[in-house]
Every structure is written in C-alpha cells, then in structure tokens.
Amino acid sequence: MGYASKSPWVIHYDGSSCNGCDIEVLATLCPGFDGERFGVVNTGNPKHADIFLVTGSVNEQNIAVVKEIYDQMVEPKVVVACGICACTGGVFHDCYNVIGGVDKAIPVDVYAPGCAVRPESLIDAIVEGVKVLDEKAAALKAAKKGGR
Amino acid sequence: MGFRQDFEPLALSELHGFAESRRAEGWRYVQTLAVLTEEGVDLVYSFMKDGHLANSVVSIGRDAVVPSISDLFLAAFVFENEIHDLFGVTVEGIAIDFEGSFYQLANEAPMTILSPEQAAAREKARKVAAAKAAKAAKEAGGASDAPAAEGGLEAKLAAMDPEKAAKVRAAMEAKAKKEAAAKDAELEERLKAMDPEKAAKVRAAMEAKAKRAVSAEEGGE
Amino acid sequence: MGKATVIPFGPQHPVLPEPLHLDLVVEDETVVDCMPQIGFVHRGLEKLVETRDYNQFIYIAERICGICAMGHSLGYAETVEELMGVEVPKRAEYLRVIWHELSRIHSHLLWLGLAADAFGFESMFMHCWRLRERILDIFEKTTGGRVILSVVKVGGVARDIDAGQMSEILATLEGIKSDYGALMRTLLTDSSIKNRTVGVGAIGYDDAVALSMVGPFARASAVNYDVRSFGRGAYGDLADFQPILDNQGDCYARVKVRCLEVLQSIDIIAELAAKMPAGDIAVPVKGSPADGAQASNVLEQPRGECYYYARGNGTKHLDRMRMRTPTSQNLAGMATALKGCDLADVNMIILTIDPCISCTER
C-alpha cells in the first residue's frame with residue numbers, strides 16, 4: 001500500500017443516471033456496508049479526492065461537467081465507472097441524448113457493472129482502484145526522480 | 001370519492017378560455033403532454049377535480065402557435081418548455097421561457113424524428129388492420145376462402161417476430177420456386193409430346209407473358 | 001442595500017445526489033432570485049417505446065428513477081392494463097400495494113437521511129440509512145433486487161410472497177418501529193434542528209393551490225390531496241385512509257408529514273397482510289393495444305401524484321408513453337420558496353421538495 005491509497009477519498013457525481021447506482025454508492029459508505037472502515041471518505045471537493053466515482057450514461061449536457069470535475073482532480077487520480085450505464089450505456093444505450101458510457105468522455109480505470117451496482121461490487125472496485133492508484137503514484141515518483 | 005377519466009377534443013382557439021374557466025371553477029392543473037401524429041401534434045391538457053381526471057386533446061399542425069397557460073397555472077412552464085424543445089411546438093408567452101435551452105440536446109426536436117424501421121412497422125400494422133377489416137366485410141358478404149386465407153397468413157406474418165417472418169417468407173418463396181420448377185418440367189414434357197409448330201407458338205406466348213409480367217413488376221416499383 | 005452576486009449552485013455539489021444547476025442571485029446573504037437549469041439527466045427514454053414492445057418497456061420504466069422504481073413500474077403496468085382492458089387478480093393487487101408501501105418507507109427514510117445531511121447532521125444520515133438497509137433486505141429476499149425490483153409485469157406480478165416471508169416482513173417492520181421512534185423524536189423535537197427548519201421556506205395554502213403542488217410538499221401546506229384516497233386497487237379495502245396534513249407549510253412541516261407517512265405505511269402493510277386473499281398472481285396478456293386507444297392513470301408515489309399516459313397504434317409497440325412526475329409539477333413551488341431565503345437555507349429548501357431530477361427529465 002502506497003501513501004496515496006491508505007485512505008482514498010472519493011468524489012461522487014451522477015452523470016445522467018437513474019439514481020439507483022448513486023444510492024448504492026452512498027449505501028456503501030453507510031453503516032450497512034461501511035466503506036468508511038477502509039478510510040474511504042466522501043468529499044465534495046475535487047481537489048481533495050483520489051477516486052472519482054461516476055454513475056450514469058452521460059448525456060450531451062453532462063459531458064462538459066464530467067470533464068471539468070476530472071480536470072480539476074489532482075494526480076494521481078483514478079476513475080471508477082459504477083453501474084452498467086456508466087460502463088456501456090446500459091438499457092439506455094440507444095437513446096437519442098445518451099453518449100453511451102463514461103469512457104467516451106474521460107478515461108476510465110475500473111469498470112463495476114450491475115443494475116444497480118451492488119455495494120459489494122463497489123467495495124471490490126474501490127480496492128482495484130486503490131491498486132491502480134498505487135501504480136500511478138509510483139510512476140509519478142519515478143518520473144520526478146528521473147527528471148532530476 | 002371515486003376516480004374516473006375521460007378524453008375530450010378541444011379546439012386550439014378555445015384553449016386559453018377553457019383554461020380560464022377551469023381555474024375559475026377550482027380545477028387542479030395536472031399536466032400537458034404532446035403526442036406525435038400523422039397530421040401534426042396532439043396536445044393533451046389534464047385537469048382534475050373531485051376524482052374526475054378530464055383530459056382535453058388539442059390537435060394542431062406542426063406550425064401552429066399555441067398560447068401559453070402559464071399565466072393562469074405557473075406550473076405549466078415546465079411542460080411548455082419541454083414540448084417546445086422535444087417536439088418543436090411554438091408556445092407563446094411562457095412565464096419562465098428558456099427559449100430552447102431547457103434541455104441541451106444533440107438533435108433538434110428529437111421526438112419528431114421517426115426512424116424508418118418504426119415508420120415501416122406502423123405502415124404494416126395499418127395494412128394488417130385494413131386487411132382484417134376488408135376480410136370481415138367480405139365474410140359478411142360471403143366471398144371465397146382463398147383470398148381470405150392469404151389475408152390471414154399475411155396478418156400472421158405481420159404479427160410475428162420480423163426475423164421469424166423473414167424465415168417463413170423465405171421458406172414460402174423456396175416452396176413456390178420448387179412448385180414453379182415442377183410445373184415447368186411438366187409443361188416441357190407436354191410440349192415435347194405436342195406438334196412442333198404448336199409447341200413453338202406456345203413457347204412464344206409463354207415468353208411474351210413472362211416479359212409482360214416483369215415489366216409490370218418494374219412499372220409497379 | 002448590498003451588491004448583487006450570482007452564485008452558481010451545482011450541478012456537482014456534496015449535498016445534491018443529482019445534478020441540478022441553480023444561479024442564485026444573492027444580496028448579502030439573502031437569495032433574491034433564482035434561475036434553475038435542468039437537463040443534465042435527460043436521456044430521452046420516452047422515445048424507446050419505438051424499439052421496445054409494451055412488455056419490454058416495463059424494464060425501462062423502472063429505470064427512470066432508482067428511488068421510485070417500484071412506483072414507476074406499477075404506474076406503467078396499470079396504464080397499459082387500462083389501455084388493453086386487462087383485469088388484474090386481487091392477490092396481485094395486494095402484493096403490488098405491499099411492495100409499493102415498502103418502497104414509500106425506503107424512499108422516506110432515504111430522504112430523511114439526505115435532509116439531515118443537508119443541514120450538517122451526518123450521524124442522523126447514517127442512522128436513517130442503517131434502518132433503510134433492513135427494508136432493502138426485505139426487497140432482496142422477496143424480489144432479488146435491492147433497488148430495481150423488476151417484480152411487476154403487465155397482467156400482475158412475477159413473484160409471490162408466501163406466509164413465512166410475510167410474517168418475517170411484519171416482524172422486521174415491528175422491529176424498526178422502536179429505532180425509528182427515536183429518530184423521529186430527535187428530528188421533531190431537537191432545538192437545533194428546529195432552528196434550521198421552523199419557518200424556513202414557508203408556502204401558504206393559497207400559493208400551494210395556485211402553483212398546483214402535489215405530494216407531501218403540498219400536504220404540508222394543508223392541500224388535502226392523496227391519490228390513495230380514491231380507493232383503487234387494494235387501497236379500497238383499507239378500513240380507513242386519511243392523508244396526513246399539516247398547515248404550517250414550512251420545512252419542519254414537510255419533515256413531519258414524511259415522518260408520519262412512514263408509520264402510516266407500516267400500518268397499511270400490516271392491515272393488508274392480514275386480509276390478503278388467495279389466488280393467482282397474474283393473468284396472461286395477449287394481443288396489442290388497439291389503434292388510437294388512449295388511457296391515463298394517476299398513482300401516489302413517495303413524492304406525490306404521478307400521471308401516466310399511453311396511446312396504442314395497433315402494434316406491440318406503444319405509440320406514446322408519457323410519465324409526468326411529481327417533481328416537475330413542484331418545480332414552480334421550489335422556485336417560489338427559494339426567493340427571499342438565506343443562502344444557508346438553500347440546501348434545505350431544495351431537499352424538502354424531495355427532488356428527483358431523473359424522474360423529471362426522464
């Protein structure tokens with residue numbers, strides 16, 4: 001475990017979802033499944049967050065917002081697509097206003113399918129994300145050393 | 001308190017006055033929606049009082065201008081902005097007017113875009129319904145069984161899953177080809193047995209008939 | 001007179017579960033005007049009736065909103081049944097209402113938690129959601145899903161609840177009552193909560209009627225309207241049903257109405273479970289809606305009255321399906337309540353209309 005992943009702070013954004021996955025994200029952090037025992041804290045500030053939990057199939061109006069939050073986050077950062085809508089568009093993939101998944105707006109590191117995504121899946125996805133976070137942090141550190 | 005619902009037509013010119021009278025009599029405004037039809041757009045305005053849900057259907061063309069009722073019922077502004085953005089209906093005088101940016105969409109008036117597959121499916125359903133009606137009329141008049149049977153088969157195919165229907169059609173065509181080939185073979189046998197001059201005349205007549213059939217098909221397309 | 005500043009609120013905000021954008025025009029700390037901007041969740045799913053037939057569309061209808069999922073599938077099924085003249089067996093009606101009332105309990109508990117989070121009481125949020133998990137366990141045991149249930153179909157329901165499961169459900173609900181009582185006492189009598197909610201965002205009866213408000217939002221302003229009092233379906237077999245009303249019209253009243261509705265729903269479920277008739281849980285539905293046939297339907301969802309409209313065109317695909325959700329009706333009320341409030345109260349007022357933006361925008 002690297003220093004960045006001992007207590008990964010998450011920021012959650014609903015990218016045109018039906019709210020099913022959003023309430024499961026919140027349920028993961030509540031006493032039923034207790035994500036907070038892993039040090040996962042839900043913050044509203046992109047600058048404080050390590051992991052970006054996005055739900056929803058992203059519509060035209062939302063692309064700019066999702067990109068903005070992603071750009072505001074500080075490296076190293078990980079994006080987890082929660083729910084099948086965020087992975088591929090889900091049942092709405094052929095709707096006229098839907099671009100079909102978060103990876104068409106920002107790069108995604110971990111995909112957590114499900115409709116709605118189960119809290120167990122989400123905890124698993126966050127742990128996977130933490131591994132990726134460690135790799136990215138190590139790469140950053142190596143790049144800094146190499147630069148000198 | 002019981003619940004009942006009904007649908008009544010309403011003319012566009014009477015819309016605003018009608019809404020005023022509803023408000024004066026204490027009806028509660030429920031919603032406004034738009035439906036795409038062949039001729040244009042149908043707007044359904046709903047009001048409720050004491051368990052009676054009264055829906056009023058206003059049929060308009062695509063270019064009609066609809067007066068807003070948000071001066072009487074402020075809650076209507078949401079629906080009027082929506083029907084403007086999704087159906088392209090012009091509504092005049094909305095209290096809070098987003099002027100087209102209520103929803104920021106990829107295409108303009110997306111609910112009016114009917115995909116070709118959908119249009120074809122609806123055409124087919126209309127033909128099936130017309131065929132059924134014709135069949136019922138014929139049976140009442142006492143016609144023969146053969147065209148009725150075909151109409152019934154068409155109806156069955158139309159109601160089937162398209163893939164399955166395509167397979168059935170292909171099977172039917174193959175069967176028809178086989179039958180036609182068998183018929184040709186039989187005719188050839190008969191021609192060989194016939195007088196050669198007569199056989200040549202028969203063949204010429206058959207070719208002419210075939211040519212006419214092809215040109216008729218092409219002309220029909 | 002202070003200088004006016006425009007503060008953008010949302011679409012990403014820790015207190016908002018859904019994207020909603022408001023431009024708040026603020027003078028000192030008072031909100032003078034507010035311009036809402038929605039459209040971040042518009043997926044255009046009403047157009048999917050063209051590619052999914054009327055049986056498949058129920059899965060889309062459920063996913064309009066994950067919180068009111070059961071309600072939307074129920075309203076859609078009832079509308080199509082009205083369109084095609086299908087009569088649902090009595091046992092199916094009872095099962096539908098039991099799941100719908102459980103859905104109301106889960107939705108109100110969810111909302112109470114979010115409302116507490118909105119004024120900073122995070123541990124209350126955790127307690128409400130902890131209780132809510134027990135309802136989600138019931139859903140999972142009886143239908144297989146926690147959030148999206150997929151148990152209603154056109155013609156009835158897809159699964160049955162046997163006697164053993166029913167007694168478990170009733171035992172769970174009884175067990176919730178004591179913990180829930182403690183939460184309710186805190187929410188309604190604690191002085192710091194009262195400071196944040198009493199007198200905030202008040203809407204009077206006349207304004208509520210003029211703005212055509214629906215749901216607990218309107219019942220807190222003494223508007224006596226609840227679709228369940230029409231007595232359709234299993235609601236008609238209840239001994240007595242009275243909508244819960246309050247006449248203060250402020251945030252405190254809205255919290256109180258929703259708290260009491262949870263207890264009312266628990267009583268409804270207990271009463272219907274005792275009276276449950278035996279029989280089929282579904283009837284087979286054949287054919288398609290007639291060309292040009294229309295039907296409308298209303299349903300009391302946790303957020304208010306939801307209106308459904310369906311039109312057939314002779315094929316297995318509906319011509320048009322439309323859901324008008326309670327939050328779209330209440331947007332005018334929200335805009336009015338926000339004018340003149342303090343900046344710190346904006347969160348609370350937005351949350352007390354129980355906004356479900358994904359329902360509004362479909």
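Check off (1) within 12 Å of another protein chain (Cβ to nearest Cβ); (2) β-branched (Val, Ile, Thr); (3) part of a loop (DSSP other than H, G, I, E, B) for C:VAL88 and give me the number that stays unchecked.
(1)
Name every residue in segment C:195-217 that is under 12 Å from C:ALA337 (Cβ atoms) and within 11 Å of chain B (Cβ to nearest Cβ), in order of residue number.
C:ASP207, C:ALA208, C:LEU211, C:MET213
Looking at segment C:311-353, which of the residues that are within 12 Å of another protein chain (Cβ to nearest Cβ) and of a type in the set (D, E, K, R) is farthest from C:VAL154 (Cα to Cα)? I'd like the intermediate steps shown before the answer.
The first filter runs over segment C:311-353 and keeps only residues within 12 Å of another protein chain (Cβ to nearest Cβ), leaving C:311-336, C:347.
Then drop every residue that is not of a type in the set (D, E, K, R), which leaves C:311, C:316, C:319-320, C:322, C:324.
Numbers: C:ARG311: 15, C:LYS316: 13, C:ASP319: 17, C:ARG320: 17, C:ARG322: 17, C:ARG324: 20 Å.
The residue in question is C:ARG324.
Mind checking which residues of segment C:14-45 are more than 18 Å from B:ASN81 (Cα to Cα) and either over 22 Å from the mean Cα position of the chain (by Cα) or surrounded by fewer than 16 Cβ atoms within 10 Å (Cβ to Cβ) (or both)?
C:PRO14, C:ASP23, C:LEU24, C:VAL25, C:VAL26, C:GLU27, C:ASP28, C:GLU29, C:THR30, C:VAL31, C:VAL32, C:ASP33, listed by residue number.
Mind checking which residues of segment C:249-308 are over 14 Å from the mean Cα position of the chain (by Cα) and among the β-branched types (Val, Ile, Thr)?
Within segment C:249-308, C:VAL255, C:ILE266, C:ILE268, C:ILE269, C:ILE281, C:VAL283, C:VAL285 meet the criteria.
Filter segment B:20-33 down to the residues that are more than 17 Å from C:GLN329 (Cα to Cα) and either surrounded by 23 or more Cβ atoms within 10 Å (Cβ to Cβ) or basic (Lys, Arg) (or both) and list them by number.
Selection gives B:ARG22 alone.
Tell me, which residue of segment C:71-85 that is hydrophobic (A, V, I, L, M, F, W, C) and in contact with a strand residue (DSSP E or B) (Cβ under 7 Å, 6 or more places away or on another chain) is nearest to the other protein chains (Cβ to nearest Cβ)?
Checked segment C:71-85; the qualifying residue nearest to the other protein chains (Cβ to nearest Cβ) is C:LEU83.
Scan segment C:50-68 for residues that are over 30 Å from C:ASP23 (Cα atoms) and within 12 Å of chain A (Cβ to nearest Cβ) and jot them down.
Hits for segment C:50-68 are C:GLU50, C:THR51, C:ARG52, C:GLN56, C:PHE57, C:ILE58, C:TYR59, C:ILE60, C:ALA61, C:GLU62.
Return the only residue of C:GLY175, C:GLY249, C:GLY204 being in contact (Cβ under 8 Å) with a residue 40 or more places away in the chain, among the small types (Gly, Ala, Ser) and surrounded by 17 or more Cβ atoms within 10 Å (Cβ to Cβ). Break it down into steps so the answer makes sense when it comes.
On the way: C:GLY175 fails: surrounded by 17 or more Cβ atoms within 10 Å (Cβ to Cβ); C:GLY204 fails: surrounded by 17 or more Cβ atoms within 10 Å (Cβ to Cβ).
None of the others qualify; the one that does is C:GLY249.
Of the residues B:GLU108, B:GLU99, which is over 21 Å from C:MET321 (Cβ atoms), surrounded by fewer than 16 Cβ atoms within 10 Å (Cβ to Cβ), at pLDDT below 75 and within 26 Å of the chain's Cα centre (by Cα)?
B:GLU108 is the lone residue from the list that is over 21 Å from C:MET321 (Cβ atoms), surrounded by fewer than 16 Cβ atoms within 10 Å (Cβ to Cβ), at pLDDT below 75 and within 26 Å of the chain's Cα centre (by Cα).
Can you name the number of the only condition in (1) free of Cβ contacts under 8 Å to residues at least 40 places away in the same chain; (2) farther than 23 Å from C:GLN37 by Cα that A:GLY44 fails?
It is condition (2) that A:GLY44 fails.
For C:TRP111, only one of the following conditions fails: (1) crowded, with 20+ Cβ neighbours inside 10 Å; (2) over 24 Å from C:GLU300 (Cβ atoms). What is its number?
Here C:TRP111 meets the rest and fails (2).
Within segment A:61-78, count every residue that is without any contact (Cβ under 8 Å) to a residue 40 or more places away in the chain and over 14 Å from A:ILE99 (Cα atoms).
5
Restricting segment A:6-39 to residues that are among the hydrophobic types (A, V, I, L, M, F, W, C) and without any contact (Cβ under 8 Å) to a residue 24 or more places away in the chain, which is nearest to the other protein chains (Cβ to nearest Cβ)? Give the steps one after another, and end with the answer.
Pass one, segment A:6-39, residues among the hydrophobic types (A, V, I, L, M, F, W, C): A:9-11, A:18, A:21, A:23, A:25-27, A:29-30, A:33, A:38.
With the extra rule that they be without any contact (Cβ under 8 Å) to a residue 24 or more places away in the chain, the set shrinks to A:26, A:29-30.
Working: A:LEU26: 7, A:LEU29: 9, A:CYS30: 4 Å.
Checking each candidate, the answer is A:CYS30.
For B:THR37, work out the one condition from (1) closer than 15 Å to C:ARG311 by Cβ; (2) touching a residue at least 24 places away in the same chain (Cβ under 8 Å); (3) out of contact with any helix residue (DSSP H, G or I) (no Cβ under 9 Å at 6 or more places or on another chain) it doesn't fulfil.
(2)
Among (1) away from chain C (no Cβ under 12 Å); (2) part of a strand (DSSP E or B), which single condition is B:GLN31 missing?
Tallying (1) away from chain C (no Cβ under 12 Å); (2) part of a strand (DSSP E or B), B:GLN31 fails exactly one: (1).
Quick grid of which residues meet (1) touching a strand residue (DSSP E or B) at 6+ places or on another chain (Cβ under 9 Å); (2) surrounded by fewer than 23 Cβ atoms within 10 Å (Cβ to Cβ); (3) of a type outside the set (Gly, Ala, Ser):
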site	(1), (2), (3)
C:LEU211	no, no, yes
C:ALA218	yes, no, no
C:GLN242	no, yes, yes
C:LEU260	no, yes, yes
C:GLN264	no, yes, yes
C:ALA273	no, yes, no
C:GLY304	no, no, no
C:GLY314	no, yes, no
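Tell me which residues, restricted to segment C:60-85, are without any contact (Cβ under 8 Å) to a residue 12 or more places away in the chain and of a type in the set (Asp, Glu). Reasoning before the result, please.
Step one: of segment C:60-85, the residues without any contact (Cβ under 8 Å) to a residue 12 or more places away in the chain are C:85.
Of everything in segment C:60-85, nothing turns out to be without any contact (Cβ under 8 Å) to a residue 12 or more places away in the chain and of a type in the set (Asp, Glu).
Considering only residues of segment C:129-162 that are touching a residue at least 24 places away in the same chain (Cβ under 8 Å) and small (Gly, Ala, Ser), which is nearest to C:VAL97 (Cα to Cα)? Talk me through it step by step, then tell me what you get.
Step one: of segment C:129-162, the residues touching a residue at least 24 places away in the same chain (Cβ under 8 Å) are C:131-132, C:134-139, C:141-143, C:147-161.
Going one step further and asking which of them are small (Gly, Ala, Ser), we end up with C:150, C:155-156, C:158.
Working: C:SER150: 15, C:GLY155: 15, C:GLY156: 12, C:ALA158: 14 Å.
This residue is C:GLY156.
Residue-wise test of (1) farther than 16 Å from C:HIS108 by Cβ; (2) in contact with a Lys or Arg (Cβ under 9 Å, 6 or more places away or on another chain); (3) surrounded by fewer than 18 Cβ atoms within 10 Å (Cβ to Cβ).
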{"residue": "C:ILE135", "(1), (2), (3)": "no, no, no"}
{"residue": "C:ILE138", "(1), (2), (3)": "no, no, no"}
{"residue": "C:THR142", "(1), (2), (3)": "yes, yes, no"}
{"residue": "C:LEU149", "(1), (2), (3)": "yes, no, no"}
{"residue": "C:ASP162", "(1), (2), (3)": "yes, no, yes"}
{"residue": "C:GLN165", "(1), (2), (3)": "yes, yes, yes"}
{"residue": "C:LEU170", "(1), (2), (3)": "yes, no, yes"}
{"residue": "C:ASP179", "(1), (2), (3)": "no, yes, yes"}
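Go through segment B:70-99 and count every residue that is more than 11 Å from chain C (Cβ to nearest Cβ) and assigned to a loop (DSSP other than H, G, I, E, B).
So the answer is 7.
When segment C:58-87 is examined, which residues are found to be surrounded by fewer than 23 Cβ atoms within 10 Å (Cβ to Cβ) and closer than 26 Å to C:HIS106 by Cα?
C:ILE58, C:TYR59, listed by residue number.
One line per residue, one yes/no per condition, for (1) in contact (Cβ under 8 Å) with a residue 40 or more places away in the chain; (2) touching a Leu at 6+ places or on another chain (Cβ under 7 Å); (3) among the hydrophobic types (A, V, I, L, M, F, W, C):
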| position | (1), (2), (3) |
| --- | --- |
| C:PRO11 | no, yes, no |
| C:VAL41 | yes, no, yes |
| C:ASP53 | yes, no, no |
| C:ILE58 | yes, no, yes |
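The values are calculated or read from the model by the stated rules, or taken from the named source; none is laboratory data. Keep in mind the model is a prediction, meaning the values are calculated, not measured. When we count neighbours, we look across all protein chains shown, and the Cβ atoms used for this are built from the backbone with ideal geometry, even at glycine.
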